[in-house]
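Here, each number is a calculation from the coordinates, and none is a lab measurement. A quick note: this is a predicted structure, and the numbers were derived from the prediction, not measured.
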Amino acid sequence: MSDSPAARIGEDYAAGQVLFHEGERGDVMYVVQSGAVRISKRVGGQDKLLAVLGPGEFFGEMAILNGKPRTATATAAVPTRCLVIEPQTLEDMVVKNSEIALRLIKKLAKRLDSADTLVEGLLHHDPKARVLMGLSRHAETFGEPLPLDPQHELTGDQPVFVNVAIDEIATEVAVEPRIAREMMTRIRRLGIAHEQQGGIVVTDVSRLRDFVEFLEVPMSNDASQPTATEGG
């Protein structure tokens, strides 16, 4: 989205600075150039984290595409620089560059899938599964690729960094922080993910997805049923 010189109108934001509030009218959209932006929505008197967007991600486009008020609040998570794009500039970019138009469509479709996943997770009866589904959603939709670890070279698993804390995921999926931390410990022992300053590194997104599916399988007292083997 930042390929066009016309889009390169940058502004700097301090950590904690709000770029726009939910319910405001919007007349520009943004592309993150550096730093990170948290997108949150007020639900039931609480702020629910929807996404943490890093460099190359865009946001705020819906308000200028449909003319409706902002549907969420955007806050700089760390010192951040964003490209500010006005409606006419966006229209010119889309009309003149089919690649940009296609990237916009794909990104919007991916976000729709992410929203569906969030709703599905919130409806899940098992709080442990909700935590893992929340982490998986962030990893697959907003994860920043990291250099491939030598031990994963044969499998091709791509580790990603998720710029969100486990307690924030707990709030997002309506789970007690204690349960979320227990699940974080569990998947760390399994080598699926671990906490890192500023967020979480998911070393194996496919195994995380498989673990979510494992928790969703109805368990019985039948000895033939599979059991977890991580020792805790």
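Taking amide hydrogens as placed 1.01 Å from N in the peptide plane, the amide H of ALA51 sits under 5 Å from those of ILE39, each at least 5 positions away in sequence or on another chain. Counting only residues at least eight positions apart within a chain, or on another chain, the lysines with an alpha carbon under 27 Å from that of LYS128 are LYS41, LYS48, LYS110. Summary of the geometry: region 8-39 and region 169-184, compared by the centres of their Cα atoms, lie 28 Å apart. The string of couplings for region 77-91 from the Karplus curve (6.51, -1.76, 1.60, θ = phi - 60°) is 7, 9, x, 9, 10, 10, 7, 9, 10, 8, x, 5, 5, 4, 4 Hz, one whole number per residue in order, with x for Gly and Pro.
Once backbone amide H atoms are built at 1.01 Å from N, ALA193 has ARG188, THR203 as its partners under 5 Å, excluding neighbours fewer than 5 places away on the same chain.
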